[in-house]
1. Tell me which residues, restricted to the stretch 12-26, are exposed (fewer than 13 other Cβ atoms within 10 Å of the Cβ) and not polar (S, T, N, Q).
2. Which fully enclosed helices (runs of 4 or more DSSP H) of the stretch 22-72 have 3 or more residues being within 14 Å of the ligand (Cβ to nearest atom) and modelled with pLDDT of 95 or more?
3. Which one is nearest to Leu240 (Cα to Cα) among residues in the stretch 109-132 that are near the ligand (Cβ under 8 Å from one of its atoms) and either without any contact (Cβ under 8 Å) to a residue 40 or more places away in the chain or small (Gly, Ala, Ser) (or both)?
4. Taking Gly10 and the conditions (1) among the small types (Gly, Ala, Ser); (2) near the ligand (Cβ under 10 Å from one of its atoms); (3) free of Cβ contacts under 8 Å to residues at least 12 places away in the same chain, which numbered condition does it fall short on, given that it satisfies the others?
5. Please name all residue pairs, on different chains or six or more residues apart, with Cβ atoms under 6 Å, provided the first residue is in the stretch 21-33 and is more than 15 Å from Gly74 (Cα to Cα) and the second residue is within 7 Å of the ligand (Cβ to nearest atom).
6. Taking the stretch 73-92, which residues are within 11 Å of the ligand (Cβ to nearest atom) and part of a strand (DSSP E or B)?
7. Take the residues in the stretch 93-103 that are touching a residue at least 60 places away in the same chain (Cβ under 8 Å), of a type outside the set (Ser, Thr, Tyr) and buried (at least 16 other Cβ atoms within 10 Å of the Cβ); name whichever of them is farthest from the ligand (Cβ to nearest atom).
8. Could you count how many residues in the stretch 188-241 are in a helix (DSSP H, G or I), among the hydrophobic types (A, V, I, L, M, F, W, C) and under 18 Å from the mean Cα position of the chain (by Cα)?
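The values are calculated or read from the model by the stated rules, or taken from the named source; none is laboratory data. Being a predicted model, the structure only gives us computed values, none of them experimental. Ideal geometry is used to build each Cβ from the backbone, glycine not excepted, and the neighbour counts take in all protein chains shown.
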Amino acid sequence: MLNWGTTPPGTSNEKQASRWVRQMFSDIAPKYDLLNHLLSFNIDRGWRKALLKRLRDVLAKPEARILDLCCGTGDVLLDLQKTAKSRVIGADFCHPMLVTAAEKAAARGFRAPLVEGDAMELPLADDSLDAISVAFGFRNLVNYGGALREFRRVLKPGGTLAILEFSHPPGVLMRTAYGLYSGVILPGVGGLISGSREAYRYLPESVGKFPTAEVLREMMTAAGFENAGFELLTGGIAALHSGVKN
Ligand SMILES: C[S@@+](CC[C@H](N)C(=O)[O-])C[C@H]1O[C@@H](n2cnc3c(N)ncnc32)[C@H](O)[C@@H]1O
């Protein structure tokens, strides 16, 4: 489990992997929203709602401070801002994704506070956040254990971590159907529309290499999160993980 993180093709260390991921998201940023909703048949909207529901209590607190990490083009961030009485900020290390997030926020009359920074080394003080949400970003980090420890550092004691990520469907039928979809349709359609076949080959490959929900729960516990647990969504295609800093 030590040093487990994403390993994009042609990379042999964390620095190279991080650079590869940032460049890949920069390349697909202009088409990211279109492809995201198209390729997920909008099911991702329901998953994001589950994430918001998990953070309902903290969102109701005006004094709370929430970070939407790996916020990308801001879909979760904007939903959080719409719902929350708390202060919500977004962070991502990919500039073009943040530019789109800022444009979307402006179009909806929000001013999203956005930070350009790396999830592995957050520019935030210890014990400064009440909650962190990470939707479909965690899988792309170069060291899962290191990231969980970093998230724990910036959360206040009692603060909540919620990670929404693709997972591994336990049922044979769903696993087969999803395997076909992600092995054939995703690289085909995603590659064609985005112009980056490499990106849409990497994305399903990185899901295949990602820890199972049970293993991620163990990693969260090992990193110092209490009540680490998960809920499988849509037959296990995705999972919503959460835990509380002890
Ligand atoms: C699949 S997108 C998800 C975006 C958004 N959360 C959503 O649900 O649509 C993953 C995002 O994670 C960001 N990301 C990946 N590694 C990161 C890192 N080390 N630090 C900050 N952001 C990172 C990427 O730039 C990208 O915007």
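1. Lys15
2. Details: elements: 32-39, 43-54, 56-59.
The qualifying helices (runs of 4 or more DSSP H) are 43-54.
3. Residues of the stretch 109-132 that are near the ligand (Cβ under 8 Å from one of its atoms), as a first pass: 117-120.
If we keep only those that are either without any contact (Cβ under 8 Å) to a residue 40 or more places away in the chain or small (Gly, Ala, Ser) (or both) too, we end up with 117, 119.
Details: Gly117: 24, Ala119: 19 Å.
The residue in question is Ala119.
4. Gly10 satisfies all of (1) among the small types (Gly, Ala, Ser); (2) near the ligand (Cβ under 10 Å from one of its atoms); (3) free of Cβ contacts under 8 Å to residues at least 12 places away in the same chain except (2).
5. If the second residue must be within 7 Å of the ligand (Cβ to nearest atom), the pairs left are Val21/Asn140; Arg22/Phe93; Arg22/Cys94.
6. Correct list: Gly90, Ala91, Asp92.
7. If we take residues in the stretch 93-103 being touching a residue at least 60 places away in the same chain (Cβ under 8 Å), of a type outside the set (Ser, Thr, Tyr) and buried (at least 16 other Cβ atoms within 10 Å of the Cβ), then Pro96 is farthest from the ligand (Cβ to nearest atom).
8. Step one: filter the stretch 188-241 for residues in a helix (DSSP H, G or I), giving 188-194, 197-209, 213-222, 234-236.
Subset that is among the hydrophobic types (A, V, I, L, M, F, W, C): 189, 192-193, 199, 203, 207, 213, 215-216, 219-220, 222.
From what is left, the residues that are under 18 Å from the mean Cα position of the chain (by Cα) are 199, 203, 207, 213, 215-216, 219-220.
Count: 8.
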